[in-house]
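Encoded as structure tokens, the structure appears first; notes follow it.
What follows draws every value from the coordinates through simple rules; no lab data is involved. Predicted model only: the values in this text are computed from it and were never measured. With ideal geometry, Cβ positions are generated from the backbone for all residues, glycine too; neighbour counts draw on all protein chains shown.
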Amino acid sequence: MQYEVFLTEDAEADIFGICQYIAVNDSAAKANYVFEKLQETCLSLENFPDRGYLPPELECINVRDYSEIHFKPYRIIYQKRDNRVMIHCVMDGRRHLQDILLERLLR
């Protein structure tokens with residue numbers, strides 16, 4: 001079964017921010033590479049959405065509706081519903097997920 005993959009505005013902004021940071025602090029070529037790999041990883045959920053696992057930060061607060069996959073060091077947090085996959089967050093794995101979630105909830 002093929003799933004439709006969607007990105008929230010936050011996830012799109014996350015990817016843009018990551019690529020912009022890389023372009024400024026490394027190179028445009030590296031930013032393009034990371035963009036393509038993040039896109040490829042996200043789209044791979046069309047065929048294999050169950051391969052992710054529950055993020056430990058969410059498991060400890062008993063939130064079990066989300067999964068994550070990686071393109072190191074980036075974490076892609078998503079939710080599977082019916083035949084859809086909704087990507088909510090794409091973040092650098094070196095950042096603290098709980099801080100990011102709290103920041104988004106306070107907006």
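Among the residues of the range 5-22, is there at least one that is without any contact (Cβ under 8 Å) to a residue 40 or more places away in the chain, exposed (fewer than 11 other Cβ atoms within 10 Å of the Cβ) and small (G, A, S)?
Checked against the condition, which is being without any contact (Cβ under 8 Å) to a residue 40 or more places away in the chain, exposed (fewer than 11 other Cβ atoms within 10 Å of the Cβ) and small (G, A, S), the range 5-22 yields no hits at all.
Quick check on the range 1-24: of everything there that is out of contact with any helix residue (DSSP H, G or I) (no Cβ under 6 Å at 6 or more places or on another chain) and among the β-branched types (V, I, T), which residue is farthest from I87 (Cα to Cα)? Show your work before the answer.
First, pick out the residues of the range 1-24 that are out of contact with any helix residue (DSSP H, G or I) (no Cβ under 6 Å at 6 or more places or on another chain): 1, 4, 6-14, 16-18, 20-21, 24.
From the residues that got through so far, the ones that are among the β-branched types (V, I, T) too are 8, 18, 24.
Numbers: T8: 6, I18: 16, V24: 25 Å.
Ranking the qualifying residues of the range 1-24, first place goes to V24.
Flag set for K80, criterion: touching a residue at least 60 places away in the same chain (Cβ under 8 Å) and either part of a helix (DSSP H, G or I) or among the charged types (D, E, K, R) (or both). All told, L38 falls short of being without any contact (Cβ under 8 Å) to a residue 40 or more places away in the chain and in a helix (DSSP H, G or I).
Looking only at the range 53-107, residues that are under 17 Å from K37 (Cα atoms) and either loosely packed, with under 11 Cβ neighbours inside 10 Å or of a type in the set (G, A, S) (or both) come to 3 in all.
For the range 50-68, does any single residue satisfy the condition of being outside any strand (DSSP E or B) and within 13 Å of I15 (Cβ to Cβ)? Scanning the range 50-68, I find no residue that is outside any strand (DSSP E or B) and within 13 Å of I15 (Cβ to Cβ), so the answer is no.
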